[in-house]
Amino acid sequence: YTISDEEYENVLQLPEWNYEGIKFYVHPDYSADTTAVYRFFNHVHGGHLYTISEIERDAVMQLPEWTYEGVPFYVIPDMR
């Protein structure tokens with residue numbers, strides 16, 4: 001998932017990836033109603049992990065196969 005036009009265009013050029021359309025809407029900037037989404041890349045398997053949990057973020061940061069890529073966007077958490 002990305003909100004970056006540049007990343008989107010780059011991924012479209014990769015034959016092993018397929019565009020599946022818009023899956024959800026996010027906020028590019030923080031507001032009082034939003035929560036940060038933390039993004040990691042697994043350089044062993046090539047996948048991404050997204051989490052809003054600071055506890056999970058901190059635990060994954062300790063794992064050598066994951067690289068922290070920062071906060072790509074913000075979400076309004078489901079408070080049900």
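The requirement of being within 11 Å of the chain's Cα centre (by Cα), surrounded by 11 or more Cβ atoms within 10 Å (Cβ to Cβ) and of a type in the set (Ser, Thr, Tyr) is not satisfied by Tyr8. Residues that are at pLDDT 90 or above, open to solvent by less than 100 Å² (accessible area, probe 1.4 Å), out of contact with any His (no Cβ under 6 Å at 6 or more places or on another chain) and assigned to a loop (DSSP other than H, G, I, E, B) within region 15-45 comprise just one, Val44.
The values are calculated or read from the model by the stated rules, or taken from the named source; none is laboratory data. Here the structure is a predicted model, which is why all the values come from computation and not from measurement. All Cβ positions, glycine included, derive from the backbone under ideal geometry; neighbour counts span all protein chains shown. Remember, those area values only see protein heavy atoms, side chains included, never the ligands or the DNA or RNA. Shrake-Rupley method; radii C 1.70, N 1.55, O 1.52, S 1.80 Å.
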